[in-house]
Protein chains: 2
Amino acid sequence: MKIKVVKNILTRNEGQAQLNRSLFAKEKTLCINMMSSPGAGKTTLLERTIDELKTVFNIGVIEGDLMTSRDAERINSHGVSVVQINTEGGCHLSADMVYKAMEEFNIKGLDIIIIENVGNLVCPGVFDLGEDFKVVVSSVPEGDDKPLKYPMMFSEAKACILNKVDLIPYTNFNMNSFFNDVYSLNPRIKIFQVSALTGEGMDDWYSWLGDEIAWKTKKQLAK
Amino acid sequence: MKIKVVKNILTRNEGQAQLNRSLFAKEKTLCINMMSSPGAGKTTLLERTIDELKTVFNIGVIEGDLMTSRDAERINSHGVSVVQINTEGGCHLSADMVYKAMEEFNIKGLDIIIIENVGNLVCPGVFDLGEDFKVVVSSVPEGDDKPLKYPMMFSEAKACILNKVDLIPYTNFNMNSFFNDVYSLNPRIKIFQVSALTGEGMDDWYSWLGDEIAWKTKKQLAK
């Protein structure tokens, strides 16, 4: 009974995700689904990414949280369109929540929509939102053992951002072990080592994401 | 439909949780349910706690993880009984998983069973395991904004362990803000500031937990 219902929920979600995906394709808007544990630094990472890319691209952000609109307020102060979704305790975003959020801003003309999912390294991985690809953010203080303990996030993402590398000297984080485990789950994944706080390593991420947006929007980038 | 089934699952879980609770009461075994984000440091905290308390109390540990038995191996090396539950992707432990795990070791004579839940700051909060109380572990690098963003964990726990305080100098963590937010959700909660890595602040936690075990087991502690 439980399994059947979960299957129905996933099937219904998949249908809406396909509709979202068609809309993104039609509008030539790249959509990325950013996922991580609570406190891995997604919002800080987004703030810097927005500041870097907003002069070149039109950016929209969908903020997913159980409660509060703190993250949306932070993003809003950077001068881009942002919609907050409060799941009221729900552990992940679903495709219909994203669809409804998109009605709040004009997708026409947006080059990229970044979805910041609920902070949760388990449940969001199961729900397709219609995004072009997933990005998993992991952070040094969480420890190097997270990929094998939460494999789905890492095996399904196109890119992995390892954040808070400025804290490496104060932890027992083993970089080789982390890289080996991530590649064992997903040999083609792109890994970025950054500190969203200090800005270290962020240029590679901006450049890679800019190329992805340009590819989807067919915009020519001034290099 | 979805809501009805979720309700049924929770009702069934509640029934099993009551059975677990009766068993813990009959055996005079304290059971605590430890929850946190992935990588907040539950296992390191447990390793130190076990080393400190195992000469006085008989300790059993139930380790919940999606995959791998790494944490159980770590705990096992400290010479206490440990059972690993792999949820195979499931985002939380349930009361029947705990009941089955208890069949693996002899609860008779155990003074405390510590359940390390799946690393997830959302879903485990909804599932009663029959524990005496919940402990939420938060860690400095996750940021001071977590209590209001994930309020259920903090409002339902009897104790909150703020781990990794050794990293405060390298972050923008605001201790006053964290304390105010936690107390606003739960005025009676006991908060410990510790570093499970360095051992800082752990004595208060050992002492408090020892008192809780002694109260449940009616054992007299040599002070």
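Observations on the model:
- Leading residue by the ranking (nearest to the other protein chains (Cβ to nearest Cβ)) among those in the stretch A:111-131 that are farther than 16 Å from A:HIS92 by Cβ and surrounded by 24 or more Cβ atoms within 10 Å (Cβ to Cβ): A:ILE114
- The criterion of at least 1 residues that are open to solvent by 60 Å² or more (accessible area, probe 1.4 Å) and free of Cβ contacts under 8 Å to residues at least 40 places away in the same chain is met, among strands (runs of 3 or more DSSP E) falling completely within the stretch B:132-223, by B:190-193.
- Count of the stretch B:67-104 residues which are within 30 Å of A:PHE127 (Cβ to Cβ), touching a strand residue (DSSP E or B) at 6+ places or on another chain (Cβ under 6 Å) and among the small types (Gly, Ala, Ser): 3
- Test: residue in the stretch A:32-45 that is in a helix (DSSP H, G or I), more than 12 Å from chain B (Cβ to nearest Cβ) and over 27 Å from A:MET152 (Cβ atoms): no
- Single unsatisfied condition, A:ASP96 versus (1) open to solvent by 20 Å² or more (accessible area, probe 1.4 Å); (2) within 14 Å of chain B (Cβ to nearest Cβ); (3) in a loop (DSSP other than H, G, I, E, B): (3)
- Close pairs (7 angstrom Cβ cut-off, 6 or more residues apart or separate chains): under 17 Å from B:LYS108 (Cα atoms) in the stretch B:26-49, among the basic types (Lys, Arg) anywhere: B:GLU27/B:LYS108; B:LYS28/B:LYS216; B:LYS28/B:LYS218; B:LEU30/B:LYS216
- Matching residues in the stretch B:71-82 - criterion: being open to solvent by 70 Å² or more (accessible area, probe 1.4 Å) and not in a loop (DSSP other than H, G, I, E, B): B:GLU73, B:ARG74, B:ASN76
- A:GLU73, sole failed condition from (1) within 13 Å of chain B (Cβ to nearest Cβ); (2) of a type outside the set (Lys, Arg); (3) over 27 Å from A:PRO141 (Cα atoms): (3)
- Search result, residues across the stretch A:49-70 that are closer than 21 Å to B:PRO151 by Cβ and either open to solvent by 10 Å² or more (accessible area, probe 1.4 Å) or more than 12 Å from chain B (Cβ to nearest Cβ) (or both): A:LEU66, A:MET67, A:THR68, A:SER69, A:ARG70
- Among the conditions (1) in contact with a Lys or Arg (Cβ under 9 Å, 6 or more places away or on another chain); (2) modelled with pLDDT under 95, the only one that B:GLU103 does not satisfy is (1).
- Qualifying residue in the stretch A:28-37 (condition: more than 17 Å from the chain's Cα centre (by Cα) and open to solvent by 40 Å² or more (accessible area, probe 1.4 Å)): yes
- Residue check, A:ILE85 within 14 Å of another protein chain (Cβ to nearest Cβ), touching a Gly at 6+ places or on another chain (Cβ under 6 Å) and either part of a strand (DSSP E or B) or open to solvent by 20 Å² or more (accessible area, probe 1.4 Å) (or both): yes
- Looking across the stretch A:140-151, just one residue is more than 7 Å from chain B (Cβ to nearest Cβ) and either aliphatic (A, V, I, L, M) or out of contact with any Phe, Trp or Tyr (no Cβ under 9 Å at 6 or more places or on another chain) (or both), and that is A:VAL140.
- Answer from B:LEU46, B:LEU30, B:LEU23 - the residue that is modelled with pLDDT of 95 or more, among the hydrophobic types (A, V, I, L, M, F, W, C) and over 28 Å from A:LYS149 (Cβ atoms): B:LEU23
- The lone criterion from (1) assigned to a helix (DSSP H, G or I); (2) out of contact with any Cys (no Cβ under 7 Å at 6 or more places or on another chain) left unmet by B:PHE24 is number (2).
The values are calculated or read from the model by the stated rules, or taken from the named source; none is laboratory data. None of the values given here were measured: they were computed from a predicted structure. In this analysis, Cβ positions are derived from the backbone assuming ideal geometry, glycine residues included, and neighbour counts consider all displayed protein chains. These accessible areas exclude ligands, DNA and RNA; they are computed on the full protein's heavy atoms, side chains included. Shrake-Rupley method; radii C 1.70, N 1.55, O 1.52, S 1.80 Å.
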